[in-house]
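All of the numbers you see were taken from the coordinates with simple rules; none came from a lab. Note that the coordinates shown come from a computational prediction; the quantities given were computed from them, not determined experimentally. Every residue, glycine among them, receives a Cβ derived from its backbone with ideal geometry; neighbour counts consider all protein chains shown.
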Amino acid sequence: PPIIHILGIRIDNLTMSEASERIVDLIREGKSNQVCFTNADCMNISVINPVYRAALAAARITLADGIGIRIAGAMLDQNVCENVNGTDMFPFLCAALGKAGMSIYLLGGKPGISEAAAAWITEHHPAVRVAGYHHGYFSKDEEPGIIAGIRNSKADIMLLAFGAPRQDIWISEHLNEFGTKVAIGVGGLLDFYSG
Ligand code: UDP
């Protein structure tokens with residue numbers, strides 16, 4: 001697939017529909033992979049935050065989120081094919097997951113938000129199994145229990161809404177503990193689909 005580079009970050013130049021299919025392929029591959037959405041703000045943070053930069057570099061798929069990346073690409077003669085943000089991509093992802101009969105875990109947002117987003121999935125994409133959900137306000141001491149909950153759910157994919165870059169760093173630190181084949185940081189997505 002076509003790759004572009006902005007500020008030294010590798011970006012997969014995919015449409016939302018292509019990205020959703022690639023994610024299903026990654027799940028089928030069966031390893032643990034991280035997918036990141038990067039917008040212009042993320043790019044700037046990556047320049048001064050080496051831990052975040054390493055997480056982006058290690059991600060299996062990095063997607064071009066927002067007009068800023070598109071403009072930067074155009075200035076560098078690298079045409080970004082689509083603005084791929086998590087919220088707009090989510091219906092494509094659910095459709096692809098549903099067709100493949102896959103399951104999802106939702107982590108993040110204030111209490112009640114992940115549950116409401118789970119209800120949205122069940123209503124609009126009944127073929128996607130919601131394996132579990134949990135809110136995103138827990139202490140360091142509670143982390144092992146949260147991670148065990150994700151692992152025990154046996155979900156194929158986890159969506160994490162903590163806001164960037166924290167969500168992406170947290171995923172990179174725990175990627176092999178979730179038991180999910182793909183983990184993605186999704187920012188405000190759960191809030192959007194909670195009603
Ligand atoms: N959040 C969370 N735990 C925290 C801090 C934030 O679950 O300790 C959630 C918050 O409720 C919201 C999301 O993380 O759902 C952050 O969304 P935001 O729009 O700020 O992220 P961005 O899209 O800017 O990355």
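Spin-label model, Asn176/Asp77: points 7 Å from Cα along the beta carbon direction are separated by 4.2 nm. Computed extension gain for Ala100 through Thr122, at 0.36 nm per residue and net of the alpha carbon distance, reaches 6.4 nm. Tell me, how many Å apart are the Cα centres for region 90-139 and for region 34-65? Going from one Cα centre to the other spans 23 Å.
Multiplying the residue separation of Asp25 and Tyr137 by 0.36 nm and removing their Cα-Cα distance gives an extension gain of 37.2 nm.
Size descriptors for region 3-192: radius of gyration and Dmax over Cα atoms are 15.6, 47 Å.
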